[in-house]
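The values are calculated or read from the model by the stated rules, or taken from the named source; none is laboratory data. None of these values were measured; they are calculated from a predicted model. Virtual Cβ from ideal backbone geometry, glycine too; neighbours counted across all protein chains shown. All accessible areas refer to the heavy atoms of the entire protein, side chains included, with ligands and DNA or RNA removed. Shrake-Rupley method; radii C 1.70, N 1.55, O 1.52, S 1.80 Å.
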Amino acid sequence: MSKRGGADIFIHCVHLKGQEEHGNFWGAAQTVTGSSHHLECARKNILLDCGLFQGKRDQAHEINSHLAMSAAQLAGHGPDALSAVVLSHAHIDHSGNLASLTKQGYRGPIYTTPSTIDLCNPMLKDSAHIQEGDADFMNRRRGKRRMIGAPEGAVPMEPLYTEADAEQVLQQLKPVKLYEPKLLAGSSVDGGFTMSSTNAGHMLGSTCVLLEAVEKGQKTRLLFSGDVGRKNLPIIQDPDPAPAADYLIMESTYGNRLHQPIGPVKQKLAGLVRRVAARGGRIIVPAFAVERTQQMVMLLHQLIDEKLIPDIPMFVDSPLATNVTEVFRQHTEDWDQEISAFSKTASDPFGWQRLKYTKTVQESKALNDLHVPFLVMSASGMCEAGRILHHLKNGIEDPRNLVLITGYQAANTLGRKLVERQPEVNIFGEPMRVRAEIDSIGELSGHADQHELLSWMEPVVPTLKKVFLVHGEPLAQQALKEEIEKVYKLEVICPKRGDRFEVG
Ligand SMILES: [Zn+2]
């Protein structure tokens, strides 16, 4: 998952000692978005993830353009050109800059799991629309400034990439099943990279990637955690134990946090729905289109079947969530036992009679005129854009309603302001009194917390020489670094921009 903050970090070279392997950490070092790591061995170059930095529009565009330029250096055909990309999972902060890579001319393979490929289709196209919309917005804003006499700005801003660039990525995605070894570049004997992956338990199709780098007969194993998930999350299978490796590149998003246990979340949800329905209110759920929406839908379906909540009308009002749900339906091989068993009693775990996936804007707007209790789930999950804003505008001043926050809310977002119980918020530039009840369900987080990260890495500790912490804000990284040093007595490095390492 993505959240904001921290600076972009560009780190040169994890250099494998005594050999010629090295790599660049391009992003997600001391920040939680924009995962992308470049490794080199025997003059073969590969990239682990190619994610987008997600943050404030101007800053994000600058950082992502920088990442795209880094990509361009490897996208061509010279001796140092990229041989392959490995994608750990479909979240945009890991996959969203792949289209910059193809825009810069990269035409090689991008290896990932079959379900990640199917998720990338709607997600990358959606990301391209956002890029095109952002460029349009910035250009219109510049135009308005010129009209009021501001100095001429730079040339019109181009979108980072377009839907055509995203389409090109889809042509280059190649399926590799979990645990299947795949030669990425060179030879597994004379020098090169081989990969295999294990289940990360973070989202549908998510993986941890084990790389074997060989040069002059010497083998070095490097484990990339991707994003580590949690046990007992709805729908997806639990994370596999970490496989043996010499070096670990690990995420640290929640390196300083501990989650609530997942167990009671269904009962909590049932209580909330019953209470709001009884007082005639509506339940407005800002939910991330991927994973969180599907989890919520399945839990609500189970609660209705178990007659623990009234069968009120429910709506998924997000075209992206609707497309993503179809991918969840198809990839039953990634389901856990609970949903597999549930699918035997409910023909479609993600659908029932009174659940409607709205398609058109008209259908979405029509919900404003519905005067019975109902539940609507819509994106964006942090209330920054999308149809959720209309539902909030129409419902936030009514004390019978509930706004149910379902995930992390970054600083300065509307979602964060609601969580902080600010009495007044701006929606579409208009001040609104927050009279609706605000509640949160944080238990469905897809990221391992500090204890879960320590426990995930425990099996690999005996063989580890060093740990690199990435994909986390400085405070989270520092806390996790101290714990790993204390508990496992390992050397831990939090890479910074420009750092250079030799490993091996
Ligand atoms: Zn993720």
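Determine Rg/Rh for the chain; Rg is computed over alpha-carbon atoms and Rh is the Kirkwood hydrodynamic estimate from the same atoms.
Reported Rg/Rh (Cα atoms, Kirkwood Rh): 0.98.
Quickly work out the residue 421-to-residue 307 label distance, labels modelled 7 Å from Cα along the C-beta direction, and quote it in nm with one decimal.
Distance between label points: 3.7 nm.
Let me have the 222 nm mean residue ellipticity of the chain computed from DSSP H runs of 4+ only, each contributing -39500 (n - 2.57), with the sum over all residues rounded to the nearest 500.
-10000 deg cm²/dmol
Running Debye on region 292-336 with equal point scatterers at the Cα sites and no solvent, what base-10 log of I(q)/I(0) appears at q = 0.30 Å⁻¹?
Values, matching the q order: -1.10.
If we sort 358-370, 293-305 on the protection proxy, mean other Cβ atoms within 10 Å, highest first, what's the order?
The most tightly packed comes first, giving 293-305, 358-370.
With every protein chain left in place, what is the accessible area per residue of region 335-489 in square angstrom, probe 1.4 Å?
Heavy-atom accessible area per residue stands at 47 Å².
Once fully extended, how much extra length lies between residue 231 and residue 177, figured as 0.36 nm per residue of separation less the alpha-carbon to alpha-carbon distance?
17.3 nm
Extending each Cα 7 Å along its Cβ direction at residue 366 and residue 433, get the distance between those two points in nm, one decimal.
Result for the modelled spin labels: 3.2 nm.
Compactness ratio of region 328-439: Cα Rg over 2.2 N^0.38 Å, N = residue count?
Dividing the Cα radius of gyration by 2.2 N^0.38 Å gives 1.26.
Could you give the length gained on full extension between residue 189 and residue 69, defined as 0.36 nm per residue of separation minus the Cα-Cα distance, in nm?
Here the segment from residue 189 to residue 69 would lengthen by 39.9 nm.
Quick one: work out Rg over Rh on the C-alpha atoms of region 167-294, Rh as Kirkwood radius.
1.14
Within the chain, what whole-number % of the accessible surface is contributed by carbon and sulfur, with the 1.4 Å probe and all protein chains included in the calculation?
52 percent
I want to make sure I understand the PRE zone here: with the label point 7 angstrom from the Cα of residue 400 toward its beta carbon, which residues in region 433-477 have backbone N atoms less than 14 Å away?
Once the point is set 7 Å along Cα→Cβ of residue 400, 436-437 turn out to lie under 14 Å by backbone N, inside region 433-477.
What residues qualify as long-range amide H neighbours of residue 449, i.e. H under 5 Å apart, gap of 5 or more or another chain, H built at 1.01 Å from N?
Long-range HN contacts for residue 449: 259.
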